[in-house]
Amino acid sequence: MGHYDVIVMGGGPGGYIAGERLAHAGLKVLVAEKESLGGTCLNVGCIPTKSLLNGAKLYDHARHSKQFGVTVEGASYDWDAMQAWKTKTVDTLVGGVGAMLKRLKCEVVKGHATLLAAGRVAVDGVEHTADHVIIATGSEPVIPPIPGARDNDRVVDSTGMLAVTEVPKRLAVIGGGVIGIEFASLFAALGSEVTVVEMMPEICPFMDADVAAALRKGLSGVTVHLESKVEAIEDSTVVFTKAGQQQRVEADLVLMAVGRRPLVSGWGAEEAGLDVSPRGVRVDDTMRTNLPNVWAVGDVTGRSLLAHAAYRMGEIASAHIIDTVSARAAGQVMRWHTIPWAVYSLPEAAGVGLTEREASERYGEVVTAQVPLQLSGRFVAENGLRAPGTVKVVADAATRTVRGIHMLGTYAPETIWGAATALETELTIDDLRQVVFPHPTVSEGIREAVWAVRG
């Protein structure tokens, strides 16, 4: 048993960044993680997926590089080597997180943490106390009650998909969100016959409708069924209903990718009196819960299930633990509407802020403009005139403040941070027109879009 300034329950993105920030400030910190540091994102999510996607994109580029003057005869991929690179990448980064925490003298213990009460945490039965507790227990895959889904070795979640020993000839993906679309792109690029079955009217429903439709049309080798309800899985055949008609997709493997949900049970939330629901632990804009000196960050809050959102939540909680007066004065609060998102598919997409529909519902009259990325010289030089790419800007008509920026095409995820800054600082269309964008870059698409707005 020991006493700490802060105990962090969970070593994922929100947890370990909080551990780093707090230890850097000189606090005595304990991070408890039952599996590997880095959480879902680093071990079985963001990073391994991107490692495999990188290989698939290189393979795809090799096969379609003739127009750029490069011919690759007999281009092929080695799935085992791709998996080895993925493992090496993950191991290196996990080791880096551990080394950083060790350097900062942040204590890490491997074990299951349970919240006993405010200021009391048990790790594998050993009780510790702390002035503050940060809950960062993460999330878990959603497995809907579809007949034939459970105990079916032909049905896998995202973790299982990362571990397959061979590329399936036919892949059925249930769910057209980020996870489903990224895996669909990955395996389609490697030659799989991929079919996505999505219940909503469009893939990636958080996207602006125009950009989501453009992404769907740009997915090469992927068949998408929208407004389709899965009724059953028979071995590896997906049975679904679309427009009142039953249809079937035969596959060798089925990926269940209908999303994730906050992990709110199994660690003492209700027993400790925490204000919690299936949608997550309730927090304010400084990540405080209803219990004194108990904070929650990351997926477990249910507010934004993104690693970079978890990082920011961890930083905000840490800032207020260190000095809440200074943190408040510095504006250290979570601004949920400025969290960017990214999809690393082929093509890539990213965005931040409100969609046109959301902005219209909130502000009434809006002004928008959408332009092709072919207005960017670099985009044309590296992708040609037929590659999918677009930028859309949304602003409210009354103040012309930018409310959303949405991109489809190469480098969109690398560019969107600038758009997030525009929303964070509440720039108007006229303000953004005065920003100097480096040339030639894909980011110039944002400049072209804001100049395309009328007025």
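No lab work stands behind these numbers, since they all come straight from the coordinates. Treat the numbers as computed from the prediction; the structure is a model and nothing was measured. Quick reminder, even Gly has a Cβ in these numbers, built from the backbone with ideal geometry, and neighbours come from all protein chains shown.
Table for the structure above
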read-out: Amide H within-cut-off set for GLN247, under 5 Å, with H built and near neighbours excluded; value: PHE240, THR241, LYS242
read-out: Inter-centroid distance (Cα atoms) of region 75-105 relative to region 305-366, Å; value: 28 Å
read-out: Under-5 Å amide H pairs with LEU291, H placed in peptide plane, nonlocal only; value: ASP275
read-out: Kirkwood-based Rg to Rh ratio, region 347-452, C-alpha trace; value: 0.96
read-out: Region 257-327: GluC sites (Glu not before Pro) in DSSP loop, at most 15 other beta carbons within 10 Å; value: GLU270, GLU271
read-out: Mean Cβ count within 10 Å, highest first, over the residues of peptides 177-188, 90-101; value: 177-188, 90-101
read-out: Packing-based order for 37-50, 161-174, 241-254, using average beta carbon neighbours within 10 Å, highest first; value: 37-50, 161-174, 241-254
read-out: Separation of the ARG357 and ASN54 label points, Cα + 7 Å toward Cβ, nm; value: 3.6 nm
read-out: Cysteines, the chain, no other Cys beta-carbon under 4.7 Å; value: CYS106, CYS204
read-out: Relative contact order (%) - criterion: Cα under 8 Å, at least six apart; region: the chain; value: 14 percent
read-out: Antiparallel bridge percentage (DSSP; both residues within the chain; nearest 5); value: 60 percent
read-out: Spatial separation of Cα centroids for region 129-170 and region 389-425, in angstrom; value: 32 Å
read-out: Dmax and Rg, reported as Rg then Dmax, of region 198-269 (C-alpha, Å); value: 15.4, 46
read-out: Virtual spin-label span in nm between VAL436 and ALA117, 7 Å along Cα→Cβ; value: 6.1 nm
read-out: Charge dipole magnitude, Cβ of K and R +1, D and E -1 - the chain, Cα centre, debye nearest 20; value: 600 debye
read-out: Amide hydrogen neighbours beyond the local backbone of VAL8, cut-off 5 Å, H modeled; value: LEU30, VAL31, ALA32, ILE134
read-out: Highest-first arrangement of 330-340, 428-438, where packing means the average Cβ count within 10 Å; value: 330-340, 428-438
read-out: Overall form of region 155-258 per C-alpha gyration tensor (a/c, 1.5; a/b vs b/c); value: oblate
read-out: Gain upon complete extension [ARG63, MET1; 0.36 nm per residue less C-alpha separation]; value: 16.4 nm
